[in-house]
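Down below is the structure, laid out as structure tokens.
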Amino acid sequence: MKYKLPKEDINLKPFMSKPPRYNWKDVIMRTDKTYKCEIINIIELTPMEKLFHLKILDPVERDIFSFRPGQFLMLEVPGFGEVPISISSSSNNKEYIALCIRKAGRVTDILHKAKKGAKVGIRGPFGTSFPMEEMIGHNILLIAGGLGLAPLRAPLYWISEHRDEYEDVSLLYGTKDPPSMLFTYEYAEWEKVNHIDLLTIVDQGDDGWTGRTGLITELFKEMTIDPDNTFAIVCGPPIMFKFVCNYLDSIRLPMNRMFVSLERRMHCGMGKCCRCMVGSTFTCVDGPVFDYWSVMNLKEAI
Ligand SMILES: Cc1cc2nc3c(=O)[nH]c(=O)nc-3n(C[C@H](O)[C@H](O)[C@H](O)COP(=O)(O)OP(=O)(O)OC[C@H]3O[C@@H](n4cnc5c(N)ncnc54)[C@H](O)[C@@H]3O)c2cc1C
Ligand code: FES
């Protein structure tokens, strides 16, 4: 027999954590299905990063496949293994899935040698996503460092496709040097067609660089952020999270309106292998998108 505490004895309120405003479980598609794909296009963005366009081979599966901005896939290079990669294309794009991949080790090195027509597998989509609907009617501040622009491309597409639903949208992007900047060929369209204010900065300029130099937080000096009406999405190296989120916290942007995407080593992508755990949290299932309030409560998350 279960022991039942008398109701009046429990006052749970002081112990209850602040509920997340955004319940991803309501809206998300997460599956463990494997789709066979063909690489239909490869764009060399920098010597280290390439953008791969993958087409799901089966037309019915291609139609069924859907994801939300912020989710990731497990990409399988047959015979070499699987790696988690954020989806970097529009969730509306039924033709292909874009993945921006840095050459980082065993699997990604092989992938960088692949040619158009090569066959790969994808599993997913997995994980939580950015609360695009909750951000409607607000200003949006997207902040990316280096490769962090790759996962931000999906919400950027979403915002562009629903531009009239959002107020001011700004993208702050910082890299270590000018050649490391990703997607430079899209900046004019983001600014002029999609009315996104783009501010870029590099740690170290080169001879041809006439833009800003310094850390990404320098860009805040050029901005007025309304903490009562702004959502922020931050993607980049952990050291950047700390400085950026501390600044946003200092101007009183509520922690549950700041979202970050965390990276951990992953294997299954679906809460089975425990490879990605931070404390009792699975980064693959409970994340990779977390609000900053949740991250602050995760020991050693960043
Ligand atoms: C949710 C998620 C989304 C990601 N999105 C992207 C993306 O859009 N584009 C992209 O290029 N990469 C992304 N990554 C990182 C990518 O998964 C790793 O670079 C990749 O797994 C490396 O595999 P490899 O076999 O090539 O290298 P390995 O030989 O396995 O490792 C090479 C080096 O990279 C380190 N490493 C491996 N995996 C990770 C990881 N997850 N985080 C940090 N360091 C790691 C290893 O410790 C080692 O030092 C993402 C990771 C996660 C968890
Ligand atoms: S990757 Fe296996 S539990 Fe998260």
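The trypsin sites (Lys or Arg not before Pro) of region 150-226 that DSSP puts in a loop, and whose beta carbon has at most 16 other beta carbons within 10 Å, are 176. Amide H to amide H distances under 5 Å link residue 213 with 202, where only residues 5 or more positions off or on other chains count and H is placed in the peptide plane. Each Lys and Arg contributes +1 and each Asp and Glu -1, all at the Cβ; summed about the Cα centre of region 26-126, the dipole is approximately 240 debye. In loop segments of region 86-125 as defined by DSSP, the trypsin sites (Lys or Arg not before Pro) with at most 11 further C-beta atoms inside 10 Å of their C-beta are 115, 116. Put a dot 7 Å past the Cα of residue 80, heading toward its Cβ, do the same for residue 277, and the two dots end up 3.1 nm apart. For the chain, a crude dipole built from +1 on the beta carbon of Lys and Arg and -1 on the beta carbon of Asp and Glu, taken about the Cα centre, is about 1460 debye to the nearest 20. Once a ≥ b ≥ c are taken as the square roots of the eigenvalues of the Cα gyration tensor of region 139-296, is the result rounded (a/c under 1.5), prolate (a/b larger than b/c) or oblate (a/b not larger than b/c)? Prolate, because a/c is 1.5 or more and a/b exceeds b/c. Computed with the Debye formula from one identical point scatterer per Cα of the chain, without solvent, the log10 of I(q)/I(0) at q = 0.12, 0.14 Å⁻¹ comes to -0.81, -1.09. Around the amide H of residue 275, modelled in the peptide plane, lie the amide H atoms of 267, 268, all under 5 Å away and 5 or more residues distant in sequence or on another chain. Taking every DSSP helix (H) stretch of at least 4 residues in the chain, weighting each as -39,500 (n - 2.57) and dividing the sum by the residue count yields a mean residue ellipticity at 222 nm of -4500 deg cm²/dmol. Going from the residue with the fewest nearby Cβ atoms within 10 Å to the one with the most, 283, 200 rank 200, 283. Of the residues 296, 208, 231, the one whose Cα sits farthest toward the positive end of the charge dipole of region 139-296, with +1 on the Cβ of Lys and Arg and -1 on the Cβ of Asp and Glu, is 296. For region 234-286, trypsin sites (Lys or Arg not before Pro) are listed when DSSP marks them as loop and at most 16 other Cβ atoms sit within 10 Å of their Cβ; the list is 252, 264, 265, 272, 275. Among 207, 177, 286, whose mean-square fluctuation peaks in a Gaussian network model of the chain (Cα, cutoff 10 Å)? Result for the chain, Cα springs under 10 Å: 207 fluctuates most.
Readers should treat all values here as calculations from the given coordinates under stated rules, not as data from a laboratory. Keep in mind the model is a prediction, meaning the values are calculated, not measured. A quick note on method: Cβ atoms are made from the backbone with ideal geometry, for glycine too, and the neighbour counts reach across all protein chains shown.
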